[in-house]
Amino acid sequence: MDMREVFAQRPVLAIMRNVPLEDTLYYAGAVVAGGVKIFEVALNSVHGYEQIAMLRKEFGEDVMIGAGTAITPERAEKALEAGAGFLLTPSTQAEMLEWCRERKVPFLPGALTPSDVAMCVNHGYHTMKLFPAGDMPMSYIKSLKGPFDDTEYVAIGGVSADNIEEFFRRGYLGAGLGSNIMPKESVKAKDWKACAAYVAELVKRANAGIAAYKG
């Protein structure tokens, strides 16, 4: 199932990778308080599956919980059992495209090259995770959308408070942030109020970029 409508409504994605287990709900609570209600929990984190279950129990259906680095059917099955509502991969894998399509699992496949995009489109996925977006020119999305005019992209890799507005101004449907979503010093100090305020500013900048792109 394509993720276009999801990111049209929730354009900023919070990526949780190696967040200490004891900080999970405080960390996620700050993200949600700041206005972000969609997460990617990396499955190659130490407590990834457990954190998916914790977030699902805490937030219910108000927040979307995705499982990242779902690069095998085995990982995907375990993530869905833990409560993940959608899956993400860092790359384009025919096996996972087919697996998710057959089971109608919401999926944001990773893509970078025109060949990657073509494979995703051929499997019915028109919304992709462009990774690593920060290593590509800002004009790259325009180049992809030329021949693939019915595709949308979520920028992941290298997105920060300094450039998130520009990503949206260039036409990205969404943007994901990992450690950049909150100041490291505030996280270390467990100043969750300051973290939530920082996230709220990110959302404000994202919305400004979206408005500028739409004209």
**Item:** Given (1) over 22 Å from residue 131 (Cβ atoms); (2) in contact with a His (Cβ under 7 Å, 6 or more places away or on another chain); (3) not polar (S, T, N, Q), number of the condition residue 25 does not satisfy
**Value:** (2)
**Those residues of the stretch 33-52 which are within 21 Å of residue 201 (Cα to Cα) and open to solvent by less than 30 Å² (accessible area, probe 1.4 Å), in sequence order** = 34, 36, 38, 39, 40
**Request:** Working only within the stretch 84-95, note down all residues that are in contact with a helix residue (DSSP H, G or I) (Cβ under 6 Å, 6 or more places away or on another chain) and either open to solvent by less than 20 Å² (accessible area, probe 1.4 Å) or in a strand (DSSP E or B) (or both).
**Result:** 84, 87, 89
**Asked** Does any residue in the stretch 195-207 that is of a type in the set (Gly, Ala, Ser) come within less than 6 Å, Cβ to Cβ, of a residue that is open to solvent by 30 Å² or more (accessible area, probe 1.4 Å) and assigned to a helix (DSSP H, G or I) six or more places away or on a different chain, and which pairs are these?
**Response** 196/33
**Asked** Going by the structure shown, is residue 139 under 17 Å from residue 31 (Cβ atoms) and modelled with pLDDT of 95 or more?
**Response** no
**Request:** Among the residues of the stretch 107-135, write down those that are in contact (Cβ under 8 Å) with a residue 24 or more places away in the chain, in a helix (DSSP H, G or I) and not hydrophobic (A, V, I, L, M, F, W, C).
**Result:** 114, 116, 134
**Every residue from the stretch 174-215 that is in a loop (DSSP other than H, G, I, E, B), surrounded by 15 or more Cβ atoms within 10 Å (Cβ to Cβ) and not acidic (Asp, Glu)** = 178, 182, 183
**Prompt:** Under the condition of being touching a Phe, Trp or Tyr at 6+ places or on another chain (Cβ under 6 Å) and surrounded by fewer than 21 Cβ atoms within 10 Å (Cβ to Cβ), which residue from the stretch 142-172 is farthest from residue 212 (Cα to Cα)?
**Reply:** 157
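I'd like the full set of residues that are in contact (Cβ under 8 Å) with a residue 40 or more places away in the chain and not β-branched (Val, Ile, Thr), limited to the stretch 175-189.
Answer for the stretch 175-189, where residues must be in contact (Cβ under 8 Å) with a residue 40 or more places away in the chain and not β-branched (Val, Ile, Thr): 175, 176, 177, 178, 179, 182.
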**Message:** Against the conditions (1) under 17 Å from the mean Cα position of the chain (by Cα); (2) open to solvent by less than 70 Å² (accessible area, probe 1.4 Å); (3) farther than 17 Å from residue 4 by Cβ, where does residue 62 fall short? Just the number, please.
**Reply:** (2)
**Prompt:** When only residues in the stretch 13-31 that are small (Gly, Ala, Ser) and either in a loop (DSSP other than H, G, I, E, B) or more than 15 Å from residue 85 (Cβ to Cβ) (or both) count, which is least open to solvent (accessible area, probe 1.4 Å)?
**Reply:** 30
**Request:** Go through the stretch 136-164 residue by residue and tally those that are in contact (Cβ under 8 Å) with a residue 24 or more places away in the chain, of a type outside the set (D, E, K, R) and assigned to a helix (DSSP H, G or I).
**Result:** 3
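The values are calculated or read from the model by the stated rules, or taken from the named source; none is laboratory data. All values derive from a computational prediction rather than experimental measurement. Quick reminder, even Gly has a Cβ in these numbers, built from the backbone with ideal geometry, and neighbours come from all protein chains shown. Side chains included, ligands, DNA and RNA excluded: accessible areas come from the protein's heavy atoms. Shrake-Rupley method; radii C 1.70, N 1.55, O 1.52, S 1.80 Å.
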